[in-house]
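Written below as structure tokens is the structure these notes are about.
Values quoted throughout were computed directly from the atomic coordinates according to the rules given, and no laboratory measurement underlies them. Model, not experiment: these values are computed from the prediction. Ideal geometry is used to build each Cβ from the backbone, glycine not excepted, and the neighbour counts take in all protein chains shown.
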Amino acid sequence: MLTMSDKKTDVKDTGEKTGSVWIKNVSLSNRVNEDAIGIALTSVFQFERVFKLISRLVTNIVTAKYSSIMLIEGDILRIKYSNHLPKNVENECGVKVGESISGWAALTGVNVLVKDIEIDTRFAKKNNIRYSSKSFMTVPLLVSGKVMGVLNVNDKINGEVFSESDLNTLKIIARYSAIAIRNATLLEKAKKRSIVEQLDSDYYDKKDKYLPVTLKSLKIGPFNKSELYLRNNANGEHNYVLYWKGGDRLFANDKREEFIRKNINKLYVPKNGRKQYLRFMESNLEKVVGHEETSAKEKLGIARDIAVNIVSDLSTVPDEVCNIERAKQWINSIVGLVRNSGNNYIDMGSVKVDGPYLYGHSINVTMLSLIFAHHIGLNLEKIRELGLGMFLQNIGMKDVDPLIINKPTKLNSDEYTIIKKHSEIGFHMLQETGQVSPESCMLALLHHENLDGSGYPHGLKENDISLNGRISRVIDVYSAITSDRPYANARTSDAACVIMKEKMKGLFDTEVLGDFIDFVKSASAANKSTVVGAQ
């Protein structure tokens, strides 16, 4: 049995060739050497080795039989390592933060020393078989004042109860343990490639010239019109035979659909260029958005590129059901990204899309509307309806002469009349698809209506314009002012807000405009703060 009077404790069996780490007691003071503990723990950067080392230090220095390390995942405290529980029990075991002694310590950040569970008034034993020991300790693992988990110890080797001195020793070990776990976590994250990098690698891998598909990506997804190849395995090699030459009648035949369903794992599409790459990324967008190690900025970047591809396909065949469904799926993914950001503002600068003005404008107003709608607390259904309507609001511009759209000077009356028709044309196109809700369809009709009745196509006023219509008007104008247009250079966010508030009086709902200006300023301040903090 090791005691505090032992001159040194050898901690070296960590499963790696790292040499010996010696923890020495300070002579005559009955205190452990903090520096030695700190060096021992912060010199290890792999989770399994860190956990084993923490357990060895704890059991050796405070002479305990058992120890366990628990980390917080969401609102659950889970065992990551113990020196006495089977692995399957570790994997299954978890307690809610706030419940049980460990959960209470994790919630409050308070150190717990229980000398006798039978008489401790804070924690009634209630005949719980988990508390086979009368004496144990639980200490929170703290980093920068935040609890990341707890360190548990029970059963003294000599049968005695734990003392205040033992608790102080455990606190020292816990302090350095938290730092070691934090360092291992950061290193693990740094080693992991983002999902975008992984998908890039898969697509550009020259050994494979074909991509697997899903039934969804063929029926209502990006590969709806792609060539399809059937993979055969012969003599250990993959051979790809053309099964479908492409087009929009893949599922018109019931027997063909049944064959596709049964053989979906053998069907592939070719890797053939940038648009196909973006279709591949589109089919994986949910995975990209949900990937924790990928930054919001990187997620937005690929989402923007995918959106340009969808808008391009919509402009070619705007009433095709598949393209409408792709737009809906894209909206759902971006809504998830925005909601997962919580109260952290997504970088407004990273939202903007460069490229053809009309494509970029549709995507910019959509992203802005989704972030703003989340900011003001609209429910999920309304956010989706607003976003889809904004994404499709200019669909009626499909047949307008590009020379008019991109004219660098002021439009004449005939050209302006042609432009104004896009609202009604787009509204009727969306209605006829039968795939877009009335609320989303209406945005094609309302996004140029002004509150004072000076807008088009119907010169509606005030309460005749829905909340979505009022929001779309504000965001549509803001996006136009802050973007480079054929006839005007982009203005700053601050300048746009001043222009809209002071020089466009009567055009907007004052409450919506006020909320939007506050939102723009708050987002700008948050992003500036992030930049400063990163320097």
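Here are a few things to note about the model shown:
- Counting 0.36 nm for each residue step from Ser43 to Asp518 and taking away their Cα separation leaves a gain of 166.2 nm.
- Over the chain, the pair-distance histogram of Cα-Cα distances with 20 Å bins from zero comes to 18, 36, 29, 16, 2 percent, rounded to whole numbers.
- Helix 422-433 vs. the chain, principal-axis angle (Cα, 0 to 90°, nearest 10): 70 degrees
- Acute angle (nearest 10 degrees) that the helix 274-283 long axis makes with the longest principal axis of the chain, alpha-carbon atoms: 60 degrees
- Residues whose amide H lies under 5 Å from that of Phe508, counting only those 5 or more places away or on a different chain, are Leu451; hydrogens are built 1.01 Å from N in the peptide plane.
- Backbone geometry of the stretch 287-294 corresponds, through the Karplus equation with coefficients 6.51, -1.76 and 1.60 at θ = phi - 60°, to 3J(HN,Hα) couplings of 5, 5, 5, x, 7, 5, 7, 9 Hz, x marking Gly and Pro.
- Rg followed by Dmax, in Å, when the stretch 395-535 is reduced to its Cα trace: 17.0, 53
- Full extension of the segment from Val143 to Glu292, taken as 0.36 nm per residue of separation minus the current Cα-Cα distance, would add 51.6 nm.
- Helix axis angle, 321-340 relative to the chain longest principal axis, alpha carbon, degrees: 40 degrees
- Here the Karplus relation 6.51 cos²θ - 1.76 cosθ + 1.60, evaluated at θ = phi - 60°, turns the backbone of the stretch 71-81 into coupling constants of 10, 7, 10, x, 10, 10, 9, 10, 6, 9, 6 Hz, with x for every Gly and Pro.
- Built amide H within the under 5 Å cut-off of Leu77, gap 5+: Val95, Lys96, Val97
- Efficiency of FRET between Glu73 and Val110 - r from beta-carbon atoms, R0 22 angstrom, step 0.05: 0.60
- Applying the Karplus relation 6.51 cos²θ - 1.76 cosθ + 1.60 with θ = phi - 60° to the stretch 495-507 yields 3J(HN,Hα) values of 5, 4, 5, 5, 4, 5, 7, 9, 10, 10, 4, x, 7 Hz, where x marks Gly and Pro.
- Efficiency of FRET between Thr185 and Asn239 - r from beta-carbon atoms, R0 41 angstrom, step 0.05: 0.35
- Gyration tensor verdict on the stretch 195-273 (Cα atoms; rounded if a/c is under 1.5, prolate if a/b is larger than b/c, oblate otherwise): oblate
- Pairwise FRET efficiency - Val161 versus Lys96, Cβ, R0 = 35 Å, nearest 0.05: 0.80
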